[in-house]
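These notes are about the structure you will find just below.
The values are calculated or read from the model by the stated rules, or taken from the named source; none is laboratory data. Keep in mind the model is a prediction, meaning the values are calculated, not measured. In this analysis, Cβ positions are derived from the backbone assuming ideal geometry, glycine residues included, and neighbour counts consider all displayed protein chains. Just so you know, the surface numbers come from the protein's heavy atoms only, side chains and all, with ligands and any DNA or RNA stripped out. Shrake-Rupley method; radii C 1.70, N 1.55, O 1.52, S 1.80 Å.
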Amino acid sequence: MIPRKLILDVDTGTDDAVAIMLAALHPALDLVGVTVVNGNLPVETCTDNTLRVLDHVGRSDVPVFEGADRPLVRTDFPIPRGSGEQGARYHGETLPIPATRRRKERSTAVEFLVETYRAATEPITLVPVGTLTNIAAALAAEPRLASLVPEVVIMGGGHEIGNVTPAAEFNIWGDPEAAARVLGAGFPKVTLVLLDATHKALVSYSDCERLAALGTPAGMATSEIVRFRIDTHEKWQKMPIAGTAPVHDALCVAFLVDRGILATRRLNVVVETAGTYTLGRTVIDVHRRSGREPNADVAFDADARRFVDLLAETFARSGE
Ligand code: RIB
Ligand code: CA
């Protein structure tokens with residue numbers, strides 16, 4: 001089997017860290033590079049965290065490219081430099097992983113994305129799991145990008161659930177203009193993984209015990225990181241099942257390996273960029289009222305057991 005190539009665009013971040021480990025270690029995946037964007041934390045911190053994670057699981061060979069340090073057009077809102085107190089609450093100051101001796105690449109995230117897709121001779125799936133600033137900037141630099149990228153899997157948006165406002169999910173709210181451009185760009189195959197789906201794939205304290213017991217760097221790091229997420233969620237944003245937390249970004253990577261892990265519907269999605277109370281909302285045409293063509297496979301549901309089993313099976317092999 002030829003591993004599926006992918007590029008991850010991250011704002012690492014606790015759940016991004018688990019996504020990186022899964023992408024770096026699963027034998028069916030070939031992580032070509034990681035691009036980093038402002039979001040959970042200031043972009044320099046996200047880059048440092050990304051390098052730490054890759055080193056920790058023995059994948060220092062994967063290049064890391066830093067990208068945007070602020071939203072595409074907004075200068076003072078929503079998150080010019082990381083997401084402040086909320087970012088530290090869910091993602092800590094830095095990850096509980098040893099420091100890196102490695103550096104980011106000299107090229108920027110946009111340069112890497114544009115050059116890689118222009119030169120690609122095999123399909124490379126793009127998986128953005130932070131704000132969509134880097135992707136929108138790459139589209140501006142290379143308008144053909146939408147036809148060069150065969151598949152995009154985005155963590156973003158919510159229908160029943162918002163997490164940063166009642167109406168909006170963080171990655172879309174963090175740069176709504178960028179998100180609107182990406183969803184309107186005409187990529188041929190977009191999967192949008194909503195909070196509605198990630199909140200179904202909850203990971204529990206007992207799952208953390210299982211991961212820690214693997215004794216591998218990835219298993220133990222994921223256990224510690226997810227425990228931190230559960231502690232935070234218990235305090236600030238309780239899940240319907242006590243003692244659990246979503247690990248949003250890793251679910252997008254899991255979907256590349258196991259397409260049955262998400263339940264999707266093909267629908268039109270646009271992003272609100274002007275609302276007073278609804279800024280950054282993904283407006284999903286579930287009842288087909290708009291007359292707009294579907295532009296995404298939208299994930300509303302996920303299989304928690306398959307997700308946790310996939311993490312445990314993958315991280316059991318790491319460090320062998
Ligand atoms: O809303 C969840 C998303 O926001 C995740 O990607 C998390 O890492 C944060 O960026
Ligand atoms: Ca993220």
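Residue 36 is checked against (1) away from ligand 1 (no atom under 16 Å from the Cβ); (2) touching a Gly at 6+ places or on another chain (Cβ under 7 Å); (3) not acidic (Asp, Glu) and fails just one. What number does that condition carry?
The number of the failed condition is (1).
Considering every residue within region 126-137, establish whether at least one is open to solvent by 10 Å² or more (accessible area, probe 1.4 Å) and without any contact (Cβ under 8 Å) to a residue 60 or more places away in the chain.
no
When you scan region 55-64, do you find a residue that is assigned to a loop (DSSP other than H, G, I, E, B), in contact (Cβ under 8 Å) with a residue 12 or more places away in the chain and touching a strand residue (DSSP E or B) at 6+ places or on another chain (Cβ under 6 Å), even just one? Steps first, please.
Filtering region 55-64 for residues assigned to a loop (DSSP other than H, G, I, E, B) gives 57-63.
Narrowing the set further to residues that are in contact (Cβ under 8 Å) with a residue 12 or more places away in the chain leaves 57-60, 62-63.
Applying the additional criterion that residues be touching a strand residue (DSSP E or B) at 6+ places or on another chain (Cβ under 6 Å) yields 62-63.
Within region 55-64, one or more residues are assigned to a loop (DSSP other than H, G, I, E, B), in contact (Cβ under 8 Å) with a residue 12 or more places away in the chain and touching a strand residue (DSSP E or B) at 6+ places or on another chain (Cβ under 6 Å).
Checking residue 120 against (1) open to solvent by 20 Å² or more (accessible area, probe 1.4 Å); (2) in contact with a Cys (Cβ under 9 Å, 6 or more places away or on another chain): exactly one of these is not met. Which one?
(2)
Which pairs turn up if I take residues in region 218-246 that are open to solvent by less than 80 Å² (accessible area, probe 1.4 Å) and look for partners that are aromatic (Phe, Trp, Tyr) and at pLDDT 95 or above with beta carbon separation below 7 Å, at least 6 apart in sequence or on another chain?
218/315; 219/315; 222/315; 230/205; 243/205
Residue under question is residue 90, and the condition is that it be in a helix (DSSP H, G or I), within 21 Å of the chain's Cα centre (by Cα) and closer than 19 Å to residue 247 by Cα; does it hold?
Yes.
Here are 150, 98: which of them is more than 16 Å from ligand 1 (Cβ to nearest atom), touching a His at 6+ places or on another chain (Cβ under 8 Å) and open to solvent by 30 Å² or more (accessible area, probe 1.4 Å)?
The unique qualifying residue is 98.
Can you list the helices (runs of 4 or more DSSP H) lying wholly within region 183-293 that have 1 or more residues being of a type in the set (Val, Ile, Thr) and under 18 Å from the mean Cα position of the chain (by Cα)?
195-198, 217-236, 248-257
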